[in-house]
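Q: Below is one structure. I have some questions about it.
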Amino acid sequence: MPSFSAGLWENLSHDIHYIWPHILLMVAATLMLWPLDSWLMPWTKAEKHKWALPTLAILVATLGLTLATPNGLGFSAMYKVDGLTKGFQVLCILGSIFAVMLSQNVLGALQEHTVEYYVLILLGTSGMLFMCGAVDLVTVYFSIELMALCIYILVAYLRHQGRSIEAGMKYFLLGAFSSGILLYGISLLFAATGGVTTNLTELNQKLALVSADKNLLVYSGVLMVLVGLCFKVAAVPFHMWAPDAYDGAPTPITAWMATAPKAASLAVFLRVFDTGFHNLSYDWTAPLMVISAASMILGNVAAIRQQSIKRLLAYSSIAHVGYMLLGVLSKDAQAGAQAVWLYMLSYLVMNTGAFAVVIYLQGKGEGERIDDFRGMGKRHPLLAFAMLIFLLSLAGIPPLIGFFGKFYLFLLAVQQGFTTLVVIALLTSAVSAYYYLEVVKQMYFKEPATEDGAECEPMDPYAKWLITAACTLVIIGTAFGPQLLKWTDDIRWFEKEAPKAAVFELPGK
Amino acid sequence: MSGSTQLMLLATFLPLLGGLGLLFVPNEKREVFQKASVAIMVASFLLSVPLWFQYDRGSDAVQFAYQCAWMPSLGVKFSVGMDGISLLLWLLTTFIGPIGALCSWGNIDERWKEYYVWLLVLQTAMLAVFIAQDMFLFYIVWEVMLVPMYFLIGIWGGPQKLYAAIKLFLYTLAGSVLMLVAIFAIYFLQHKTSGVYDFSLAGFQAMAPVIAQQTKTFQILLALAFFLAFAIKVPMFPFHTWLPDAHVQAPTAGSVILAGILLKMGTYGFVRFLLPIVPEGTKELMPWFLALALIGVIYGALVAMIQKDMKKLVAYSSVSHLGLCMLGIFALNPWGMKGALFQMLNHGISTPGLFLAVGIVYERRHTRQIADYGGLSKTMPIYATIFMLMTMSSIGLPLLNGFIGEATILMGTFQTWPWVAVAATSGIILGAAYMLWMYQRVMFGPISEVNTKMEDLNLREITYFAPLLITAVWIGLYPKPFMDIMDKPVAKLIQQVRPDFYRAESLAMKQAEAAKVGMHAMEAPEGEGHQAKPEGHEAKPEGHGAETGAATPGGGH
């Protein structure tokens, strides 16, 4: 008779290979937090930002481990590794890597560095990794909480600044509220299906058999889960927290929040709606369509009036989520996941790039108002050009990568019959061109505010390297934009389904 | 890839490559930028000339075609080529390019590097629009074109440049995104009927019969989506409001390119996309389109009449002239179509000439108000002569290019919509009035103290006017080569839009012959006449067949 610990290990080792990346992140974060920081590296105490490099190394290692993880279902069918999991995990890790790179001291976005900052990023990332693979509503809930708690703290990280605290508080209160709604929705669904399962696949089968008198439970359950998730991706009308949280958070964290958690939440969205609620007679597309349209319209229209570049990007991110929900709506889950992933990838690169420029300027002591971009074309030619590329790409002007993201997404949506939504999306993206170009206007068409500002200022080599790299990524992405779809065609996003030909493929291929 | 195709691609992409090369030249070397940009444009023009001779006028196929796979899984190809219609406008673009670069030497006093680079990028994008044979490629270059123009106006424009630049950008963008939805819709319809995913232009045009079988609402929506995108670009009334702003604020080269080429893309879009792809939907909406075009002709002319600013006057004259082009296109017969295309060419020569002429005095006095001038012909005789010729060309004086185009358009329009043609004539009369009135106020009368100091044209300025003048006179005297080159493509287009048109026409000719020989009018062609009738409201059986204009379609009145 095996001992208890041997038995535990035996059962654990059966599935543990699915979560090595998470284990690495958590162990490393814990070690960093306590023994390493206080005992082994006392000399780094004065310069905590030295932790950035180890953090980067850990994240890169996690990326490698993630790619090497085998596909499969584990932990009593609560966690699953397939194309969707891996694809979105890669996006999350990339987002975190970018965030750590943006937090560097030379950029001066943070006044103080503590080890907790990096630890929280690592723990948050592990939460996201779990979210991407969650195939059980309970896993979904727990992993969302793991991620969100880390972000709440990070938003309020600049504890000497009132607005950072305010942002953290607001985000925390509303976030806790929405988690409650999500949990309540989950329990309603659990009850409606007879209190047997929270596993998405089984839930899907059970939901089909629910008797008519329990319909209300299912309807409200689905709706509450939808609301909870929409809150996490900041879709209208559950977006209230986003502008304030984005504005108050340290800018690298804003960049992170706009990309990595969104990628993870969209993965959950795709998983829950395209596995759990797939082919339900309860039509959840209607509310989602309304939410998607409202996000596009409100996000883009509200962004016009913003004076702060961070708030502008916050509202634009709401609009981008509106576009991506089109992919969730797709009845063809495979193609939907593919289009959302491609869009998220392009958004990740261009949005991070835009934030990098903002962070650099902030570090130079310049404000974050759009007016402060005046004459940047003269003062920082390289920076202004990079920003131009990012903004045009965000606006979806061809041939930049952002256009390809939109193109695939909208093409799919038209094919799935959401023509009205696509018309709204395209018209509002024309509106978005207005506010993106407003920044371009300040950079290139307006003279610098001060006389001495007319000189071309030298740039820090690290910042120069970082921004050139991001800009190059967008341009490379542009060059390979047409091929992206083909490359991702081979990924089987939902492992369970028989590998079918991707939607866009020509017959006979 | 044949030699001609290589030439075509080289001439198209040379400006872009040159522009990228110029990025490595240090900022302060103004002369290098000026000379290099002109040299690149001229080189591109010279490369494009041989295609004029190599083009096979006897064929209506897309020539110099080249295609390679680009996004195979979506059916997107990098597909280029041109027919006579594209060739003419493409050559016009390479022709206007050097003039635009040359006329910028004097008035671009800051940020030369960016200016010439944007100008060259714009040139490639415009050239690519005319040779694109794939809807996806077309959409991309169509949108890309906006960015350089936005910068040209936004940085180097007049006092209201910011407003004008963003207005131009948003108007055009809003129109073209709707077109994208229409493209998607046709793309999936095509897949539903034929099972292939294909973005090629030929494939889209072949969809016309299938689209014609869809519901009326679907067709009308498609037609509207395309119409809006192109009508904004043309611009047709009431989508024209961006044009005066953009023109007035743009630097001279910007106006030249805007008037010379960009506006033609709208009309080109009608001819290349809207008519062949959604012919039935277009016919359905024809009364509305006609009304808008006609209002444009007359309203543009009336508004031009009261302008105090010369550039604005010329801008509104463009609205009027392009309205006339639209009428010619909507006549849906070879004469109207050819006249419209021909008039696009003429407008692309005379209006840039006028903008250049306005630019000349603006460079010297920094004002465009007509009231500030007067009596210029005394101190600037060469200028006055050139301005005169350009004015005459614009108002359509015989022996200059404008006349041929206007006459052909009216001829074509009259056959289909007689009353519209009659009304449109007033636009031409008004055109003569406002142009001559402006000329009179600027050139004649007493001259003020300041204006006596104005210098006449220098060699550089004469250099960029010369090609325009020569072409204007050449076309005016001997338009045949230009007409010939679009003969076949226009015939093909009319065949696509109105499949019964040529049948009805040949029937009419037979009847005419029969009448001439003295046979009984109805006998010989009777049998054929019945076959043609079911489709055609065209052939009028009640006539004695003697009238040559029996091809008059009755529909739509």
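Q: Condition first: of a type in the set (Gly, Ala, Ser), under 30 Å from B:Leu341 (Cβ atoms) and loosely packed, with under 14 Cβ neighbours inside 10 Å. Now tell me which residues in region B:446-501 satisfy that.
A: Selection gives B:Ala466 alone.
Q: For region A:292-308, check the following and say yes or no: at least one residue is more than 16 Å from A:Val423 (Cα to Cα), out of contact with any helix residue (DSSP H, G or I) (no Cβ under 6 Å at 6 or more places or on another chain) and part of a helix (DSSP H, G or I).
A: No, region A:292-308 has no match at all.
Q: I've got another one for you. Looking at region B:73-106, which of its residues are surrounded by fewer than 24 Cβ atoms within 10 Å (Cβ to Cβ) and either within 14 Å of chain A (Cβ to nearest Cβ) or over 30 Å from B:Ile485 (Cα atoms) (or both)?
A: Once the filter is applied, which keeps residues that are surrounded by fewer than 24 Cβ atoms within 10 Å (Cβ to Cβ) and either within 14 Å of chain A (Cβ to nearest Cβ) or over 30 Å from B:Ile485 (Cα atoms) (or both), region B:73-106 yields B:Ser73, B:Leu74, B:Gly75, B:Val76, B:Lys77, B:Phe78, B:Trp105, B:Gly106.
Q: Among the helices (runs of 4 or more DSSP H) contained in region B:385-469, which hold 2 or more residues that are farther than 24 Å from B:Lys308 by Cβ?
A: B:401-416, B:418-443
Q: Out of B:Leu152, B:Leu168, B:Leu162, report the one residue that is facing another protein chain (nearest Cβ under 9 Å), in a helix (DSSP H, G or I), out of contact with any Ser or Thr (no Cβ under 7 Å at 6 or more places or on another chain) and not small (Gly, Ala, Ser).
A: The match here is B:Leu162.
Q: Kindly evaluate B:Asp109 against the criterion of being away from every other protein chain (no Cβ under 14 Å), under 24 Å from B:Val271 (Cα atoms) and of a type in the set (Asp, Glu).
A: No, not satisfied.
Q: For a quick check of your reading: which helices (runs of 4 or more DSSP H) sit entirely within region A:1-78 and have at least 2 residues that are at pLDDT 85 or above and not assigned by TED's automatic domain parsing to the domain that holds A:Val115?
A: Because the criterion is at least 2 residues that are at pLDDT 85 or above and not assigned by TED's automatic domain parsing to the domain that holds A:Val115, the helices (runs of 4 or more DSSP H) in region A:1-78 that meet it are A:4-15.
Q: So, B:Asp245, is that one surrounded by fewer than 24 Cβ atoms within 10 Å (Cβ to Cβ) and closer than 19 Å to B:Gln496 by Cβ or not?
A: No; evaluated as a whole, the condition is false for this residue.
Residue by residue, here is whether (1) modelled with pLDDT of 90 or more; (2) part of a loop (DSSP other than H, G, I, E, B); (3) open to solvent by less than 30 Å² (accessible area, probe 1.4 Å); (4) touching a His at 6+ places or on another chain (Cβ under 9 Å) holds:
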{"site": "B:Gln190", "(1), (2), (3), (4)": "no, no, yes, no"}
{"site": "B:Val196", "(1), (2), (3), (4)": "no, yes, no, no"}
{"site": "B:Gly203", "(1), (2), (3), (4)": "no, no, yes, no"}
{"site": "B:Pro209", "(1), (2), (3), (4)": "no, no, no, no"}
{"site": "B:Ala212", "(1), (2), (3), (4)": "no, no, no, no"}
{"site": "B:Leu221", "(1), (2), (3), (4)": "yes, no, no, no"}
{"site": "B:Phe227", "(1), (2), (3), (4)": "yes, no, yes, no"}
{"site": "B:Pro235", "(1), (2), (3), (4)": "no, yes, yes, no"}
{"site": "B:Met265", "(1), (2), (3), (4)": "yes, no, yes, no"}
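Q: If you don't mind, another one. State yes or no: is A:Gly481 away from every other protein chain (no Cβ under 14 Å), open to solvent by less than 60 Å² (accessible area, probe 1.4 Å) and at pLDDT below 75?
A: The answer is no for A:Gly481.
Q: Which of the residues that make up region B:522-542 are modelled with pLDDT of 50 or more and either open to solvent by less than 60 Å² (accessible area, probe 1.4 Å) or under 30 Å from B:Ala202 (Cα atoms) (or both)?
A: Hit for region B:522-542 is B:Pro525, nothing else.
Q: Look through region A:227-248, keep the residues that are among the hydrophobic types (A, V, I, L, M, F, W, C) and touching a Gly at 6+ places or on another chain (Cβ under 8 Å), and return whichever of them is surrounded by the fewest Cβ atoms within 10 Å (Cβ to Cβ).
A: Looking at the filtered set, the residue picked out is A:Val227.
Q: Further question: For A:Val290, indicate whether it is among the β-branched types (Val, Ile, Thr) and without any contact (Cβ under 8 Å) to a residue 40 or more places away in the chain.
A: So A:Val290 fits the description; yes.
Q: Is at least one residue of region A:363-372 part of a helix (DSSP H, G or I), over 27 Å from B:Val141 (Cβ atoms), within 14 Å of chain B (Cβ to nearest Cβ) and open to solvent by less than 20 Å² (accessible area, probe 1.4 Å)?
A: Checked region A:363-372: at least one residue is part of a helix (DSSP H, G or I), over 27 Å from B:Val141 (Cβ atoms), within 14 Å of chain B (Cβ to nearest Cβ) and open to solvent by less than 20 Å² (accessible area, probe 1.4 Å).
Q: Please state which of the following conditions A:Asp371 fails to meet, knowing it meets all the rest: (1) farther than 15 Å from A:Phe269 by Cα; (2) in contact with a Phe, Trp or Tyr (Cβ under 9 Å, 6 or more places away or on another chain); (3) in contact (Cβ under 8 Å) with a residue 12 or more places away in the chain.
A: Evaluating A:Asp371 over (1) farther than 15 Å from A:Phe269 by Cα; (2) in contact with a Phe, Trp or Tyr (Cβ under 9 Å, 6 or more places away or on another chain); (3) in contact (Cβ under 8 Å) with a residue 12 or more places away in the chain leaves (2) as the failure.
Here is a yes/no grid of residues against (1) free of Cβ contacts under 8 Å to residues at least 24 places away in the same chain; (2) at the interface with chain B (Cβ under 10 Å from one of its Cβ atoms); (3) open to solvent by 10 Å² or more (accessible area, probe 1.4 Å):
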| site | (1), (2), (3) |
| --- | --- |
| A:Leu394 | no, no, no |
| A:Phe404 | no, yes, no |
| A:Phe410 | no, yes, no |
| A:Gln415 | no, yes, yes |
| A:Phe418 | no, no, yes |
| A:Ala425 | no, yes, no |
| A:Val431 | no, yes, yes |
| A:Tyr434 | no, yes, yes |
| A:Val440 | no, yes, no |
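Q: Whether any residue in region B:434-445 is crowded, with 20+ Cβ neighbours inside 10 Å, under 23 Å from the mean Cα position of the chain (by Cα), over 22 Å from B:Ile470 (Cα atoms) and in contact (Cβ under 8 Å) with a residue 40 or more places away in the chain is what I want to check.
A: yes
Q: Checking B:Ala504 against (1) assigned by TED's automatic domain parsing to the domain that holds B:Ala208; (2) surrounded by 14 or more Cβ atoms within 10 Å (Cβ to Cβ), which single condition isn't satisfied?
A: Of (1) assigned by TED's automatic domain parsing to the domain that holds B:Ala208; (2) surrounded by 14 or more Cβ atoms within 10 Å (Cβ to Cβ), only one is false for B:Ala504: (1).
Q: Something else about it: Please determine, by comparing only the residues of region B:403-418 that are hydroxyl-bearing (Ser, Thr, Tyr) and within 11 Å of B:Gly339 (Cβ to Cβ), which one is most open to solvent (accessible area, probe 1.4 Å).
A: B:Thr408
The values are calculated or read from the model by the stated rules, or taken from the named source; none is laboratory data. Because the structure is predicted, anything quoted here is derived from the model rather than measured. Quick reminder, even Gly has a Cβ in these numbers, built from the backbone with ideal geometry, and neighbours come from all protein chains shown. What goes into the accessible areas is simple: the full protein's heavy atoms, side chains included, and nothing from ligands, DNA or RNA. Shrake-Rupley method; radii C 1.70, N 1.55, O 1.52, S 1.80 Å.
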